[in-house]
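I have placed the structure first, in the form of structure tokens, so that the comments after it can refer back to it.
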Amino acid sequence: MHLPVLSTGDLVLRPIEERDTAALFRHFSDDAVTQFMDIDSFTNISDAVQIIHFFRENLEKGEGMRWGITVASNDELIGTCGFHKINKPHFKAEIGYDLRPLYWGQGIMKEAVSAMLAYGFDVLQFNRIEAFVDPANIASSKLLTRLGFRYEGFLRDAFFEKGRFVDAEMYSLLRREHSRESIY
């Protein structure tokens, strides 16, 4: 699989490279960023090196793709977004995203995920894109709703993360709904 650069005008979504190691470490060592994620906050720069290799291996296997989010005027990584658990036979994938707290509430993630969704539906030909959200992560639930995702249900003890079971809300967006949302 190929990971193209996606540009929205204000943002650039680009492959994550070794030069992003320090920025990734700062990003994922922030407890506010990893609070609702299935990874622990980074404590060592080697954690950032490992996640870059993980993203690259998932891309090579066709199982996932992760972009670094940058502001068009500055190439420093401010977040990431991507598809994981790509299921080609069923034309679907799961999404994930994260952003430095300094940039929260500015519409950046809506813009980034919108570009990623367009690529997923138009180029990768997904029919369904799913998202699992910790019920306490209200900002993520609101983002998905604004992007046209539909709430599908509450999954009790759906994941085992950071030594405990956590619930999840499931959201999905279908290609036909995305196309309709794009028209209005």
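The values are calculated or read from the model by the stated rules, or taken from the named source; none is laboratory data. What you are looking at is a predicted structure, and each value in this text was computed from that prediction instead of being measured. So basically every Cβ, Gly included, is an ideal-geometry build from the backbone, and we count neighbours across all protein chains shown. Only protein heavy atoms, including side chains, enter the accessible area calculation; ligands, DNA and RNA are left aside. Shrake-Rupley method; radii C 1.70, N 1.55, O 1.52, S 1.80 Å.
Here are the numbers:
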| read-out | value |
| --- | --- |
| R146 versus D167: modelled label distance in nm, points set 7 Å from Cα along the beta carbon direction | 2.5 |
| Partner lysines for K142 [C-alpha distance under 26 Å; skip if fewer than 8 residues away on the same chain] | K85, K92, K110, K162 |
| C-alpha center-to-center spacing [the range 125-159, the range 4-67] in angstrom | 21 |
| Computed accessible area, R128, all protein chains, 1.4 angstrom probe, square angstrom | 50 |
| DSSP beta bridge pairing in the chain, given as percent antiparallel to the nearest 5 | 90 |
| Gain upon complete extension [Y103, K88; 0.36 nm per residue less C-alpha separation] | 2.1 nm |
| For the chain, convex hull of alpha carbons as volume per residue, Å³ | 120 |
| Label point at F54 placed 7 Å out along Cα→Cβ; residues across the range 1-32 whose backbone nitrogen lies under 13 Å | 25, 28-29 |
| Rounded accessible area of E63 (nearest 10 Å², 1.4 Å probe) | 80 |
| Sequence-separation-based contact order of the range 1-108, relative, with Cα cut under 8 Å and 6+ spacing, percent | 26 |
